[in-house]
Amino acid sequence: MREALESPYRYHGSLQGRPATWYKESGYFNLKDLATATTVKCAYPVSLYSKVYSAFEDKDAVVHVTGMITSDRLTGAPTEMSVADVIVYPRLSDAEFRSLPGSGAAGDEDVVEFMDRMRDDAD
């Protein structure tokens, strides 16, 4: 029973985060997961090399990585991933960010107020 509780579990899913470190010849990179603030070791096939390269061109990039995730059973935090795809999000300009609902720009409501209003409108 103890072994079952302490063993990691695997599932297909996705992570969003910032590329942390990459050694080009290693076949893996580290991703700083935005949801858990943990560093996840991401192994990728050679066919994704150009996408991984793109992810590291912008030091502040946020990437979306999909594949088979291995997580710690006790904390739920991801520890490793076998990558199936890497998507690099384009950076928003200041004007684009300010145009988002709930950005708090120009005196509009902040994100919490926006979400509360959206939930109230749904009722």
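Structure notes:
- Across q = 0.19, 0.22 Å⁻¹, the range 1-55 modelled as identical point scatterers on its alpha-carbon atoms has Debye log10 I(q)/I(0) values of -0.75, -0.91, in the order of the q list.
- Computed FRET value (nearest 0.05) for Tyr49 with Tyr11, which takes r as the C-beta separation and R₀ as 30 Å: 0.75
- Ranked for footprinting exposure by Cβ neighbours inside 10 Å, fewest first, Phe29, Phe56 give Phe56, Phe29.
- Exposure proxy shown here: for Thr39, Thr75, Thr21, the number of other Cβ atoms within 10 Å sets the order, fewest to most, as Thr75, Thr21, Thr39.
- Separation of the Asp121 and Thr21 label points, Cα + 7 Å toward Cβ, nm: 4.5
- One way to sum up the overall shape of the range 22-100 is the equivalent ellipsoid from its Cα gyration tensor, whose semi-axes run 23, 18, 10 Å, largest first.
- Distance between modelled label sites at Leu92 and Leu34, nm, 7 Å Cα→Cβ extension: 0.9
- Across the range 23-64, Cα-Cα pairs more than 14 Å apart make up 49 percent of the total.
Throughout, read-outs are computed from the coordinates displayed, never taken from laboratory work. Since the model is a prediction, treat every value here as computed from it, not as a measurement. Every residue, glycine as well, gets a Cβ built from its backbone with ideal geometry; the counts of neighbours run over all protein chains shown.
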